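Structure first, then comments.
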Amino acid sequence: MSRTTPNALAMLRELIAAPSISSTTPQWDQSNLAVIEHLHTWLDGLGFNCEVMPVPGEKNKANLIATLGSGSGGLVLSGHTDTVPCDPELWLSDPFRMVERDQRLYGLGTCDMKGFLALAIEAAKEFADQPLKQPLIILATADEESSMSGARALAEAGKPKARAAIIGEPSSLRPVRMHKGMMMEAVRIEGRAGHSSDPSLGANALDAMHGVLNELSAFRQELKERHRNSHFRVDYPTMNFGCIHGGDNPNRICGQCELEFDLRPLPGMTMEGLRDAISERLLPLGERFGVKLEARSLFPGIPPFENPETQGLVALAEKLTGHTSEAVAFGTEAPFLQGLGMDTIVMGPGSIDQAHQPDEFLALDQIQPTLDILKQMITRYCL
């Protein structure tokens with residue numbers, strides 16, 4: 001069995017140097033296969049059984065399921081291989097070259113979240129020659145930052161299976177047992193253009209959109225009044241009107257208009273129920289304004305996530321970190337792994353405040369505590 005796997009910092013340096021941006025904009029979107037190949041090589045060298053799983057419908061995208069040991073139960077350490085796009089001109093150094101300064105490691109993906117994958121492998125080295133009673137699985141996914149297609153593919157395939165899963169999103173090593181969902185929705189209105197001097201010549205899509213905005217604003221207020229969860233800093237579901245496009249000239253009746261908005265539901269709320277409620281409120285406006293109105297989803301959405309704090313993994317994470325579990329507003333792959341039957345939390349090095357920003361970094365003082373916690377978790381679930 002090979003023992004040539006680099007140390008954690010060397011692994012992270014190579015991962016940062018392998019661009020793997022995922023984006024809904026095709027010109028920015030990149031393959032993640034170079035990252036998968038690095039991880040595959042290192043984990044294979046440690047004796048892991050590695051399965052590269054192409055993501056259906058995605059060109060040059062794959063997940064990696066690497067398993068040490070066999071049997072049921074065990075632990076999954078999960079991270080996504082992709083990053084968001086960046087603006088290199090806003091960085092003090094090359095985003096694709098890891099640089100150490102001020103006790104920090106700078107580079108695109110250092111905290112979100114290639115750093116966790118490197119540290120998970122580093123922690124696993126200690127167990128490579130030990131007879132595990134239950135398997136250790138290191139999972140690397142595609143396209144978390146855009147479509148979640150990697151996690152969805154795993155859910156559809158029904159794997160991996162384990163007793164528990166830790167998703168290493170940056171949480172400053174505080175266990176997260178709850179997060180909001182994320183929906184991105186659109187309303188498109190097709191009216192009828194005409195000369196603005198006579199409104200009867202057309203059907204104004206902007207007038208209809210005004211009605212849509214009124215309905216959605218009223219629905220937003222109802223959601224705020226009816227749904228609360230004190231674990232969240234913003235303790236109600238939010239709806240943000242993100243962008244609107246319509247019309248082409250002041251002296252023409254507006255023929256088309258489209259609104260895009262996001263909605264972040266609390267745990268216990270369903271995306272299907274929210275979409276049904278939105279359609280029920282909006283579709284009658286089409287007849288009222290004499291336009292064609294379509295409500296649709298821009299992507300399937302990320303369900304809300306909640307792990308009851310009485311469950312084993314949450315309690316163990318709180319004990320090992322000394323922090324009470326928290327709730328966060330950002331979405332993760334947690335609901336997909338939880339849906340596979342695993343006791344799931346989100347917990348990883350680095351802060352979400354540094355993610356998606358120029359000069360993203362991972363503080364060096366997060367590395368050893370992460371390794372210590374992961375080794376204790378592996379001991380608990382696999383030995």
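Scanning region 60-85 for residues that are closer than 24 Å to V314 by Cα and hydroxyl-bearing (S, T, Y) returns T67, S72, S78. Which one is farthest from the chain's Cα centre (by Cα) among residues in region 317-332 that are exposed (fewer than 14 other Cβ atoms within 10 Å of the Cβ) and part of a loop (DSSP other than H, G, I, E, B)? Taking the candidates together, the pick is G322. Just one of (1) surrounded by fewer than 15 Cβ atoms within 10 Å (Cβ to Cβ); (2) in a helix (DSSP H, G or I) fails for V314. It is (1). Per this entry, T41 is counted among residues that are part of a helix (DSSP H, G or I) and either among the aliphatic types (A, V, I, L, M) or assigned by TED's automatic domain parsing to the domain that holds A165 (or both).
Within region 249-275, the set of residues being assigned to a loop (DSSP other than H, G, I, E, B) and farther than 15 Å from R226 by Cβ comprises N249, P250, N251, I253, C254, G255. Close Cβ contacts (under 8 Å, 6 or more residues apart or on different chains) running from residues in region 289-308 that are farther than 12 Å from A208 by Cβ to residues that are of a type in the set (D, E) comprise A295/E185; R296/E185; S297/E185; L298/E185; L298/E260; N307/D343.
What is the one condition in (1) within 22 Å of R13 (Cα to Cα); (2) part of a strand (DSSP E or B); (3) out of contact with any Gly (no Cβ under 8 Å at 6 or more places or on another chain) that L362 does not satisfy? With respect to (1) within 22 Å of R13 (Cα to Cα); (2) part of a strand (DSSP E or B); (3) out of contact with any Gly (no Cβ under 8 Å at 6 or more places or on another chain), L362 is out only on (3).
Scanning region 129-149 for any residue that is buried (at least 24 other Cβ atoms within 10 Å of the Cβ) and either of a type in the set (S, T, N, Q) or out of contact with any strand residue (DSSP E or B) (no Cβ under 7 Å at 6 or more places or on another chain) (or both) turns up at least one such residue. Picking from residues in region 1-34 that are within 23 Å of F127 (Cα to Cα) and among the hydrophobic types (A, V, I, L, M, F, W, C), the one that is surrounded by the most Cβ atoms within 10 Å (Cβ to Cβ) is L12. The sole residue among P284, P358, P308 that is touching a Cys at 6+ places or on another chain (Cβ under 8 Å) and either modelled with pLDDT under 95 or surrounded by fewer than 21 Cβ atoms within 10 Å (Cβ to Cβ) (or both) is P358. When region 52-90 is filtered for residues that are over 22 Å from the mean Cα position of the chain (by Cα) and without any contact (Cβ under 8 Å) to a residue 40 or more places away in the chain, the ones remaining, listed by number, are P88, E89. Among the residues that make up region 341-355, is at least one of them of a type in the set (G, A, S), crowded, with 24+ Cβ neighbours inside 10 Å and assigned by TED's automatic domain parsing to the domain that holds I21? Yes: one or more hits. For region 147-241, the strands (runs of 3 or more DSSP E) that sit wholly inside it and include 2 or more residues that are in contact (Cβ under 8 Å) with a residue 40 or more places away in the chain, more than 30 Å from L293 (Cβ to Cβ) and under 23 Å from the mean Cα position of the chain (by Cα) are 164-167, 176-179. Do we have any residue at all in region 194-210 that's at pLDDT 95 or above, polar (S, T, N, Q) and either surrounded by 14 or more Cβ atoms within 10 Å (Cβ to Cβ) or touching a helix residue (DSSP H, G or I) at 6+ places or on another chain (Cβ under 8 Å) (or both)? Within region 194-210 (the criterion being at pLDDT 95 or above, polar (S, T, N, Q) and either surrounded by 14 or more Cβ atoms within 10 Å (Cβ to Cβ) or touching a helix residue (DSSP H, G or I) at 6+ places or on another chain (Cβ under 8 Å) (or both)), the answer is yes, since at least one residue qualifies. The criterion of being of a type in the set (A, V, I, L, M, F, W, C) and more than 17 Å from the chain's Cα centre (by Cα) does not hold for V346.
The values are calculated or read from the model by the stated rules, or taken from the named source; none is laboratory data. Small disclaimer: the values here were computed from a predicted structure and weren't measured. Backbone-built Cβ (ideal geometry, glycine too); neighbour counts: all protein chains shown.
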